[in-house]
Amino acid sequence: MQLLVNGENVNLNDGASVAALLQQLGYTGETFAVAVNGDFVPRATYDETTLSAGDQLDIVAPVVGG
Amino acid sequence: MTDKLKLYGKEFESRLLVGTALYPSPAVMRESVSASGAEIITLSLRRQNPEQQQGKMIWDYIQESGCQLLPNTAGCKTPKEVIALAEMSREIFATDWLKLEVIGDDYNLQPDPYGLVEAARELVKRGFRVLPYCTDDLVVCRKLLDVGCEVLMPWGSPIGTGRGLMNKYNLQTLRERLPDTPLIIDAGIGAPSQAVEAMEMGFDAVLLNTAIAKAQNPVLMAQAFKLAIESGRAARNAGLMLKRQTASPSTPTLDMPFWQQTVTAGENA
C-alpha cells in the first residue's frame, strides 16, 4: 500500500503498523513524534496502530523556534 | 528582596525568555542564550527525515541547557493542528508547558482569538500549561483566563517587526485590569529600550527572538537585553516619578549667587 509520509510517497506492506513503518524508514531513538491523518499517535501505541492505504503521516523532530 | 518570576508554580530569576531560531549558527545561539540569562527557551517541531541531524543537535542542546522548555505551535492555524502538535511536543520534550500559537493571518502573523480560546480550553483539559501568544484585547485575554490559562503573552507588535509596543493604551489597560495575571510581552520587541519600556509599564517578562538573533553581534545584544530587563524591572519596583507639564528646577534656588533684588527702570524714575 502507498502512504504519504511527510509529504512523500512511501510503499509499505498492507496492514503494517506504525512501528513497522518507522523501522523501514530508519527512525530510531526518541527524538521524534508521529501523527496519522493529523491525529497524534502516542509512542506506546506504535505496535498496535495499523496503517491503511492513503494514510498521511507526519513525523516531526525538535527544531529551533521563536 | 526576592523578586522572582512565578509561572505555573515555578520560579525564575530571569524575566527574559528567548527563542532559539534565526541565529547565524548553533554555537552563536548557545552562547547568546547563555549571555541572555534566560531560563525559559522556546522551540518547535517540524517534519524531519531520519538522516537530518538538526533534531539531534537541538536535542543535545536541550539536555545541556537546563532551561525550562517552552515548545510552540508556530504555524498552526486550527485548534486541531494545535492539539496534535501539542501532544507531539509533550511526548518529545516531556513538558506540559506550551506556547500556544494559532495564527489567523499570514501577513502579520496575528493570533486568531477564536481559535486561541477554543484550543486553550481543550489543551487545559488535557493537562497542558498554556502560555498563549495573544493580541492585546482585554476581552480575549479574559476569555483565555476563563478557560484556564494562568499566564498571557500579548504581542508588542507583529512577530519579527521590531516595532516595539504598538498599542500602549491597550497594553496599559491589560496591566491595570489584570493586576494578578503574569503578563509576558511576546513578539515585536526590536531594541532593549523597548524591553525597558515594557518592564517599566509593569509587564512581568519579555519573550523575544529576532532582536537578538538578527543583531550584528547576537551575544552582545543578548547581554544588552539582559541588562534592559533588569533595569526596567528595577525601575518598576522603584516607582517612576509622575510626569508634569511645567519645568521644575532640580538644583536648589535658595541662595543663588549673583542674585539681587532688582527694581525696574520705571520705579527708578
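The figures follow:
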{"item": "Residues that are farther than 16 Å from B:GLU87 by Cα and at the interface with another protein chain (Cβ under 10 Å from one of its Cβ atoms), drawn from segment A:36-62", "result": "none"}
{"item": "Cβ-Cβ under 9 Å pairs, at least 6 apart or on other chains, segment B:139-160 side on the phi > 0 side of the Ramachandran plot, far side among the aliphatic types (A, V, I, L, M) and in a loop (DSSP other than H, G, I, E, B)", "result": "B:GLY160/B:LEU22; B:GLY160/B:LEU109; B:GLY160/B:ALA187"}
{"item": "Members of segment B:70-87 found to be under 23 Å from the mean Cα position of the chain (by Cα) and polar (S, T, N, Q), listed by number", "result": "B:ASN72, B:THR73"}
{"item": "Hits in segment B:112-141 (condition: closer than 20 Å to B:ALA205 by Cβ, not in a loop (DSSP other than H, G, I, E, B) and not aliphatic (A, V, I, L, M))", "result": "B:ARG129, B:PRO132, B:TYR133, B:CYS134, B:CYS141"}
{"item": "B:ALA38 under 17 Å from B:LEU16 (Cα atoms) and either of a type in the set (Gly, Ala, Ser) or more than 16 Å from the chain's Cα centre (by Cα) (or both)", "result": "yes"}
{"item": "Scope segment B:170-226; condition charged (D, E, K, R) and over 20 Å from B:ALA238 (Cβ atoms); matching residues", "result": "B:ARG177, B:ASP180, B:ASP186, B:LYS214"}
{"item": "Boolean, B:GLU122 is over 24 Å from B:THR210 (Cβ atoms), over 16 Å from the mean Cα position of the chain (by Cα) and facing chain A (nearest Cβ under 10 Å)", "result": "no"}
{"item": "Top-ranked residue of segment B:196-223 - restricted to ones that are part of a loop (DSSP other than H, G, I, E, B) and in contact (Cβ under 8 Å) with a residue 12 or more places away in the chain, ranked as surrounded by the fewest Cβ atoms within 10 Å (Cβ to Cβ)", "result": "B:LYS214"}
{"item": "One residue from B:PRO249, B:PRO257, B:PRO192, B:PRO218 being within 14 Å of another protein chain (Cβ to nearest Cβ) and farther than 30 Å from B:ARG142 by Cβ", "result": "B:PRO218"}
{"item": "Yes/no for B:ILE229 being farther than 16 Å from B:SER36 by Cα, aliphatic (A, V, I, L, M) and in contact (Cβ under 8 Å) with a residue 60 or more places away in the chain", "result": "no"}
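No lab work stands behind these numbers, since they all come straight from the coordinates. Quantities reported herein were computed from a predicted structural model and do not represent experimental measurements. Cβ sites come from the backbone with ideal geometry, for glycine too, and all protein chains shown count toward neighbours.
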